[in-house]
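Undergrad: Mind having a look at this structure? Questions to follow.
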Amino acid sequence: MEAPRGRPRHFGPRQSGGDEIVARLARLESVVTAIAAHLGIEAGRPARPAGPTQAKSAPRIGPRREDGDRAAGSDESHAVVRTVARRLSGRIKQYQTRGYGFVTTPDTPGDVFFHRSDCRVDPATLELSAPVVFDLVEMANGQFKAVNLGPAR
């Protein structure tokens with residue numbers, strides 16, 4: 001009897017009694033553990049789906065917080081720590097309809113992130129490559145962003 005087209009008959013040499021599956025899962029688990037260690041996160045088994053009466057929650061991604069640490073994505077981690085530079089000039093590189101974008105400037109390596117809430121004008125009205133001025137600030141999470149972004153005069 002022929003196997004259905006496009007589906008393999010088996011995945012390699014067969015071992016007795018499901019040993020092959022156990023061996024593959026063990027290798028997969030070791031790879032996941034190595035990747036997690038490289039990324040500095042805790043590898044563990046994902047939570048089982050909650051029962052019908054229990055609320056479901058998304059699995060935690062990233063390192064666990066110690067007391068006093070800031071969680072990635074929290075308002076605390078995005079708080080402005082200091083102003084690095086004022087009145088830098090650059091150009092709009094990209095703007096997403098989700099409300100964020102990137103500015104390029106010769107004064108900084110790479111692109112600088114900005115959010116529409118940090119702009120003096122609606123960034124959707126600015127064209128790509130439009131000249132802009134902005135202040136560069138450092139956030140509590142160590143990343144930089146552009147604030148007070150507006151068109152160059």
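Any read-out appearing in this document is the output of simple, stated calculations on the displayed coordinates, not a laboratory observation. Keep in mind that what you see is a predicted model, and the values were worked out from it rather than measured. With ideal geometry, Cβ positions are generated from the backbone for all residues, glycine too; neighbour counts draw on all protein chains shown.
Undergrad: Give the residue that is nearest to the chain's Cα centre (by Cα), with candidates limited to residues of the range 104-124 that are farther than 23 Å from residue 75 by Cβ and surrounded by 10 or more Cβ atoms within 10 Å (Cβ to Cβ).
TA: 111
Undergrad: Do any residues in the range 116-132 that are closer than 13 Å to residue 102 by Cβ have Cβ atoms under 8 Å from those of residues that are among the basic types (Lys, Arg) and assigned to a helix (DSSP H, G or I), where the two are at least six apart or on different chains, and which pairs are they?
TA: Close Cβ pairs (under 8 Å, with a partner that is among the basic types (Lys, Arg) and assigned to a helix (DSSP H, G or I)) amount to 123/116.
Undergrad: Considering (1) in contact with a Lys or Arg (Cβ under 6 Å, 6 or more places away or on another chain); (2) not in a strand (DSSP E or B), say which one residue 98 fails and leave the rest.
TA: With (1) in contact with a Lys or Arg (Cβ under 6 Å, 6 or more places away or on another chain); (2) not in a strand (DSSP E or B) applied to residue 98, the lone miss is (1).
Undergrad: Going by the structure shown, is residue 99 out of contact with any Cys (no Cβ under 6 Å at 6 or more places or on another chain), without any contact (Cβ under 8 Å) to a residue 12 or more places away in the chain and on the phi > 0 side of the Ramachandran plot?
TA: Judged against the criteria, residue 99 is not a match.
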